[in-house]
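> Take a look at the following structure, please.
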Amino acid sequence: MRLPPGDWWQGDAAQAVLAALDGQARFVGGAVRDALQGLPVRDVDLATPLLPETVMARAQAAGLKAIPTGIDHGTITLVSAGRPFEVTTLRRDVATDGRHATVAFTDQWHEDAARRDFTFNALYADADGQVSDPVGGLPDLAAGRLRFIGDARLRIEEDYLRLLRYFRFFARYARLPPDAALLAVLAETAPGLDRLSPERVWSELKRLLAGPTPIDSLRLMYQVGILPRLLPARPDGPAIFGELPDGADWAARLLALLPVGADLPGLATRLRWSTAELEFISVCQRIAEDNLETPYSIARRFGVDPIFSGLTVRRARGQEDREVWRGWLAAPLPPFPLGGADVQTLGVAPGPAMGRLLRAAEAWWDAGHCRADRAETLAYLKSLLPAP
């Protein structure tokens, strides 16, 4: 089999990388898989029997920028015509601990393939686009079958993140359900997720939630007891989730799985969300559960995305949209009519006191649905000042 035509592998940038490595490299993994599926190719990875130091030297001699992004693990990023290509020396696992692997370099392609997770992620393609398939990934890809390489339990126990990767890849590529034996392995190895860092777990879960079609994967995660290990999920979560439109974002999907009134700060601490992630989903929750600020204050701080997300969850729960939200979403967002200069004209010097006054006036203006004009808002601001 040959890769379909594509600039990502036939273009000058990619061919310059292959030429620099004297043809001793092959495209591997997601780029090959997605190209064969007719999907857009984003990141381009290559594998090579050359040692990292040799890759660096040859790339630099060819005028390519070489960045030792993961040189201890054999990975060098080569930049060709402004595009990054990750080149990794063939590896075999020496030891694993459920989180990370200790690797040794090899010149054997079958050893490199054997350490990967799923069969269709171990497809390689040479400079002419000829695809090699050492572990039977092509028929699995064609059938929509997600299959671990070798023994599924061993692959998972090497790195328990593969449990979550299984469900993310299942959502995107699988058309055949897992058999009973694999479901049992997924359930039995689920406690291993507790050994992973929260950041790795959340990154993988968020990617699943942000994907185009995660519903079947989430149902499977309930079925084998994985999702309840990660989230305080409601028993009917998947049913509600199925009512969300295809365009729902990760925050709306996550809220649909959580109990009403879920402790988001606690969940944020456990999964190590960023401050921005917690703020965004907290706003969505307030909208979804009628614990509302005005739409204006939310939109002016966060934009309209959390408003749409919160309303999406309300509809999924069978709740009506509030009239004020529906009307506002069709109208432009007015600017707050005052600034620091207005406060200074009232004798307040720049500093914390000025900021507090402006925030108080803005909150009052927001609460009135931004209807007060400049004069009315200035009058309210004056009322906040101490009497002379």
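Bear in mind these aren't lab numbers, they're just calculated from the coordinates by the rules spelled out. Please read all numbers here as calculations on a predicted model, not as lab measurements. Every residue, glycine as well, gets a Cβ built from its backbone with ideal geometry; the counts of neighbours run over all protein chains shown.
> Any idea how far apart Asp93 and Glu243 come out in nm if each label point goes 7 Å out from Cα toward Cβ?
4.3 nm
> Going from the alpha-carbon gyration tensor of region 1-148, what semi-axes, largest first and in whole Å, does one get by taking the root of 5 times each eigenvalue?
Output for region 1-148: semi-axes of 23, 21, 12 Å.
> List the trypsin sites (Lys or Arg not before Pro) in region 1-50 that DSSP assigns to loop (not H, G, I, E or B) and whose Cβ has at most 16 other Cβ atoms within 10 Å. Which are they? Provide the component values of the computation, followed by the final result.
Details: sites: Arg2, Arg26, Arg33, Arg42; in loops: Arg42.
Hits after loop and neighbour filter: Arg42.
> Which of the listed residues, Leu378, Ala367, Leu357, is farthest toward the dipole's positive end in region 339-383, when Lys, Arg count +1 and Asp, Glu count -1 at the beta-carbon?
Final value for the positive-end residue is Leu357.
> Tell me, what does the Kirkwood hydrodynamic radius of region 194-289 come to in angstroms if you use every pair of distinct C-alpha atoms?
Computed over region 194-289, the radius equals 13.5 Å.
> With angles folded into 0 to 90 degrees, how steeply does helix 305-316 sit against the dominant principal axis of the chain? Use alpha carbons for both and round to 10.
Helix 305-316 sits at roughly 90 degrees to that axis.
> Another question about this same structure. Gaussian network model of the chain, Cα springs within a sub-10 Å range: biggest mean-square fluctuation belongs to which of Leu39, Leu78, Leu255?
For the chain, modelled as a Gaussian network with Cα springs under 10 Å, the answer is Leu39.
> Express the C-alpha Rg of region 77-145 as a ratio against the empirical globular expectation 2.2 N^0.38 Å, rounded to two decimals.
On the way: Rg = 14.1 Å, N = 69, 2.2 N^0.38 = 11.0 Å.
Against the empirical 2.2 N^0.38 Å value, I get 1.29 for region 77-145.
> The chain: percent of C-alpha pairs farther apart than 33 Å?
For the chain, the share of Cα pairs beyond 33 Å comes to 49 percent.
> Two decimals is fine: what's Rg over Rh for region 1-66, C-alpha atoms, Kirkwood radius as Rh?
Looking at region 1-66, the ratio lands at 0.99.
> Also, quick follow-up: For region 358-369, what does the Karplus curve 6.51 cos²θ - 1.76 cosθ + 1.60, with θ = phi - 60°, yield as ³J(HN,Hα) per residue in whole Hz, taken in order and with x for Gly and Pro?
5, 5, 5, 5, 5, 5, 5, 5, 4, 4, x, 6
> While we're on this one: Can you run phi through the Karplus equation (6.51, -1.76, 1.60; θ = phi - 60°) for region 46-55 and list ³J(HN,Hα) in whole Hz, with x for Gly and Pro?
Going residue by residue, I get 10, 10, 8, x, 5, 6, x, 5, 5, 4 Hz, with x marking Gly and Pro.
> May I pose another question? Got a sec to turn the phi values of region 162-175 into Karplus ³J(HN,Hα) couplings, 6.51 cos²θ - 1.76 cosθ + 1.60 with θ = phi - 60°, whole Hz, x for Gly and Pro?
My calculation for region 162-175 gives 4, 4, 6, 4, 4, 6, 5, 5, 4, 4, 8, 10, 7, 10 Hz in order.
> Once the Cα atoms of helix 198-209 and of the chain are each reduced to a long axis, what angle between those two axes, in degrees from 0 to 90 to the nearest 10, is obtained?
Long axis of 198-209 versus the principal axis of the chain: about 90 degrees.
> Further question: Which value in Å does the Kirkwood hydrodynamic radius of region 330-388 take, with 1/r averaged over all unlike C-alpha pairs and then inverted?
Working: mean 1/r = 0.0841 Å⁻¹.
The Cα-based Kirkwood calculation yields 11.9 Å.
> Using only alpha carbons, build the gyration tensor for region 151-229 and give me the equivalent ellipsoid semi-axes, biggest first, whole Å.
Values: eigenvalues 58, 52, 24 Å².
Sorted largest first and rounded, they come to 17, 16, 11 Å.
> Between 0 and 90 degrees, rounded to the nearest ten: what's the tilt of helix 374-383 against the longest Cα principal axis of the chain?
70 degrees
> In deg cm²/dmol, rounded to 500, what helix-only [θ] at 222 nm does the chain give when every DSSP H run of at least 4 residues adds -39500 (n - 2.57) and the total is split over its residues?
My calculation for the chain gives -13500 deg cm²/dmol from helical runs alone.
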